Amino acid sequence: METAIKRLLKYLSFPVNIAPLVIFRIAFGALMFISISRFIYKGWVYSMYIQPKLFFPYYGFEWVKPFSAMGMYLVFALLLLCSLGIILGALYRVCILTFFVLFTYVELIDKTNYLNHYYFVSIVSFLLIFCPASDNFSLDTKIFRKEEHFTIPRFYIFMLQLQMFLVYFFAGVAKLNADWLFDAKPLSIWLPAFSHFPVIGGFMEEKWLAYVFCWFGCTYDLLIGFLLFNRRTVNAAYLAVLIFHLATALFFNIGMFPYIMITITSIFFKEEFHIKLLHGLKKLTSYKTHLAEKFESNPLKKWIPAFFLLYFVFQFVMPFRYLLYPGKLFWTEQGYRFSWRVMLMEKAGSAFFYVKDTATGRQTIIDNKEYLTFMQEKMMATQPDMMVDYAKFLKKEYQAKGFTNASVYAQSYVTMNGSGSREFIDPTIDLSAQSNSIFVSKTWVKSY
């Protein structure tokens, strides 16, 4: 055992060229600059973080609140500035740390806006904090006249590759369910919407095509990480990455995610590719090394492997936490987020809330549009923890309006994967008295 650990540490400490890490830094920074610019341009800063009257916090992060309108625009301006700093390697540690803090802060404000790729961006920026990605081809080496490193321990590259492997692999594990494999749901519901496509549109209503897409998607996700790690199959695997993500970009409105994955999956490419690309960038920008090129290594700090062992154990365990809760995962959604479950269900519903004063018997029906944006109402109607948040908000709202003993109830009906509308939660339960603790099962969600 001790020998195996020593061999692993030797493998991870082995010096490799820094080029893949530098290219990854530049690509990540550029993607973030485009993504944040797009976010601002589309007006999402206003619609997601300024317009809403209330927000849906994550359990344990209820203290995270949005700034004023000016403050939120300043946050996004700083994110843009940090992205530039990451690209250029200018004050890199400050920029990547600030980017991680601000981006994660923004995502923690409202779980209405949760997306797997936002979570992915947060954890990749976290990993990059520890990487010596500005030790070559950066303004930091010029500003601070730092000696450039040309090799780094393999660990830093492996760490990023392993994180990407987990995204793909757990997305595949999540597809190992009866709805996906044996009923082709929800793709058999979504694909007919593309029947107007030229040439291929005629096939979109064919059930067999939905099965092909489902089984291919599952197989792809489960195997692609292994194929990318293998030097003999990495090129073919990347071609599959291109086809898969371009197809998802064509069919589904999932923003920058396909392009992020296409770009940074290049971290798996052979070292020679990155060396040539970095050499080309240096030539294009007339970049001169600060000191004579000395092939010095940046040694692996001893505490880093131990720290990241804990980190990756957490990453392996997190997607399986749903096993702690009763009921069908897709229905209750307890343990759904942060587990790389990407586009696995078609779920829609409606929820009607009413507040009752148990002291006087007075009762009022709530117009959700008075308090929620369209997206918040849509997401809340199918997610039990958001219903609890909303009920607690309504209780405070109506206590302020004179309801002495306010209780909040809801009638909710949800359809999942075309199964027909079903009652979602127990209408006799006072939702404002329920907990969103991760240690409490939501037994008031009706069985599927």
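Below is a table of values for the structure above.
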| read-out | value |
| --- | --- |
| Pair list, Cβ < 7 Å and 6+ apart or interchain, from segment 308-329 residues that are under 22 Å from Y156 (Cβ atoms) to residues that are open to solvent by less than 40 Å² (accessible area, probe 1.4 Å) and outside any helix (DSSP H, G or I) | none |
| Out of S407, S421, sole residue that is under 25 Å from E370 (Cβ atoms) and either among the aromatic types (F, W, Y) or at pLDDT 95 or above (or both) | S407 |
| Residue, farthest from K185 (Cα to Cα), within segment 418-448, restricted to residues that are open to solvent by 80 Å² or more (accessible area, probe 1.4 Å) and in contact with a strand residue (DSSP E or B) (Cβ under 8 Å, 6 or more places away or on another chain) | T428 |
| Options V16, V22, V64; residue that is touching a Lys or Arg at 6+ places or on another chain (Cβ under 6 Å) and aliphatic (A, V, I, L, M) | V16 |
| Selection count where residues are at pLDDT 90 or above and within 24 Å of L12 (Cα to Cα), scope segment 278-299 | 1 |
| Exclusive hit being touching a His at 6+ places or on another chain (Cβ under 7 Å) and open to solvent by 10 Å² or more (accessible area, probe 1.4 Å), set I50, I23 | I23 |
| Test: residue in segment 220-243 that is polar (S, T, N, Q) and touching a residue at least 12 places away in the same chain (Cβ under 8 Å) | no |
| Scan of segment 82-97 for residues that are closer than 26 Å to I254 by Cα and surrounded by fewer than 18 Cβ atoms within 10 Å (Cβ to Cβ), ordered by number | L84 |
| Residue within segment 285-292 that is part of a helix (DSSP H, G or I) and either in contact with a Leu (Cβ under 9 Å, 6 or more places away or on another chain) or not basic (K, R) (or both) present | no |
| Top-ranked residue of segment 267-281 - restricted to ones that are within 20 Å of L162 (Cα to Cα) and surrounded by 17 or more Cβ atoms within 10 Å (Cβ to Cβ), ranked as nearest to the chain's Cα centre (by Cα) | I267 |
| Number of the condition not met by F144 [criteria: (1) farther than 18 Å from T248 by Cα; (2) touching a Phe, Trp or Tyr at 6+ places or on another chain (Cβ under 9 Å)] | (2) |
| Selection within segment 354-370 - in contact (Cβ under 8 Å) with a residue 24 or more places away in the chain, within 34 Å of the chain's Cα centre (by Cα) and farther than 27 Å from S441 by Cα | none |
| Index of the failed condition, L79 passing every other in (1) under 23 Å from Y156 (Cα atoms); (2) open to solvent by less than 30 Å² (accessible area, probe 1.4 Å) | (1) |
| Meets criteria (more than 28 Å from P198 (Cβ to Cβ) and outside any loop (DSSP other than H, G, I, E, B)) for P305 | yes |
| Residue check for F120: surrounded by fewer than 22 Cβ atoms within 10 Å (Cβ to Cβ) and under 21 Å from T265 (Cβ atoms) | yes |
| Count - residues of segment 131-152 that are touching a Pro at 6+ places or on another chain (Cβ under 8 Å), surrounded by fewer than 23 Cβ atoms within 10 Å (Cβ to Cβ) and not in a loop (DSSP other than H, G, I, E, B) | 1 |
| Test: D389 is under 17 Å from K446 (Cβ atoms), within 25 Å of the chain's Cα centre (by Cα) and not hydroxyl-bearing (S, T, Y) | no |
| Segment 1-58 - residue that is at pLDDT 95 or above and of a type in the set (S, T, Y) and, of those, farthest from L79 (Cα to Cα) | Y58 |
| Selected residue [among the basic types (K, R) and at pLDDT below 95] from K396, K401 | K401 |
| Some residue of segment 142-156 being of a type in the set (A, V, I, L, M) and within 25 Å of P258 (Cβ to Cβ) | no |
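Matching residues to (1) modelled with pLDDT of 95 or more; (2) among the polar types (S, T, N, Q):
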site	(1), (2)
A90	yes, no
V94	yes, no
S125	yes, yes
E147	no, no
I152	no, no
I157	yes, no
D183	no, no
W190	no, no
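The values are calculated or read from the model by the stated rules, or taken from the named source; none is laboratory data. In this text the structure is predicted, and so the values were computed from the model without any measurement. When we count neighbours, we look across all protein chains shown, and the Cβ atoms used for this are built from the backbone with ideal geometry, even at glycine. Ligands, DNA and RNA are stripped out before the accessible areas are found, and what is left, the full protein with its side chains, is counted by its heavy atoms. Shrake-Rupley method; radii C 1.70, N 1.55, O 1.52, S 1.80 Å.
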